[in-house]
């Protein structure tokens, strides 16, 4: 069941990519290499930020950033950047399964956002609670992920969840 939650502001260690989403693990490895070289403190969960419209997302032509929340201080290196994440209100839904089926969870969450009278106010995010990894049958499992879509109240009215 979708819910609304407040995300606190913070700093993200990001690496932006345009191309097939199948390259995600390589992108996260590049950030982890940066973390190891710099001995940077971070919070353990991984985040993917999608800059494409969530209603028209294409896994082969994605514009996304892989990210870790920083717990310490560092500067980027030109490839890996430090981005300030503003505080935001998000509609979220937890999904567990394979990537080929995640579209259904997005569609349900987007319909719920519209039904409750909210507007999308920023890029969709996937906050990994576990995974991802191969499922043994040729698909990639997401493990467990919380889909988060930033929202705004329409007309300043707070709608019930």
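The values are calculated or read from the model by the stated rules, or taken from the named source; none is laboratory data. Predicted, not measured: the structure shown is a model, and the values here were computed from it. Glycine gets a Cβ as well: all are built from the backbone with ideal geometry, and neighbour counts include every protein chain shown.
Restricting attention to the stretch 20-51, the residues that are in a strand (DSSP E or B) and either in contact with a strand residue (DSSP E or B) (Cβ under 6 Å, 6 or more places away or on another chain) or surrounded by 12 or more Cβ atoms within 10 Å (Cβ to Cβ) (or both) add up to 8. Taken over the stretch 52-71, the criterion of being out of contact with any helix residue (DSSP H, G or I) (no Cβ under 7 Å at 6 or more places or on another chain), over 16 Å from residue 8 (Cα atoms) and surrounded by 13 or more Cβ atoms within 10 Å (Cβ to Cβ) is satisfied by 52, 57, 63, 65. Among the candidates 95, 127, the residue that is in a strand (DSSP E or B), modelled with pLDDT under 95 and touching a helix residue (DSSP H, G or I) at 6+ places or on another chain (Cβ under 7 Å) is uniquely 95. Among residues of the stretch 98-124 being in contact (Cβ under 8 Å) with a residue 40 or more places away in the chain and part of a strand (DSSP E or B), the one that is surrounded by the most Cβ atoms within 10 Å (Cβ to Cβ) is 124. Residue check: residue 78 meets all listed conditions (1) out of contact with any strand residue (DSSP E or B) (no Cβ under 9 Å at 6 or more places or on another chain); (2) closer than 20 Å to residue 13 by Cα; (3) surrounded by 12 or more Cβ atoms within 10 Å (Cβ to Cβ) but one, namely (3).
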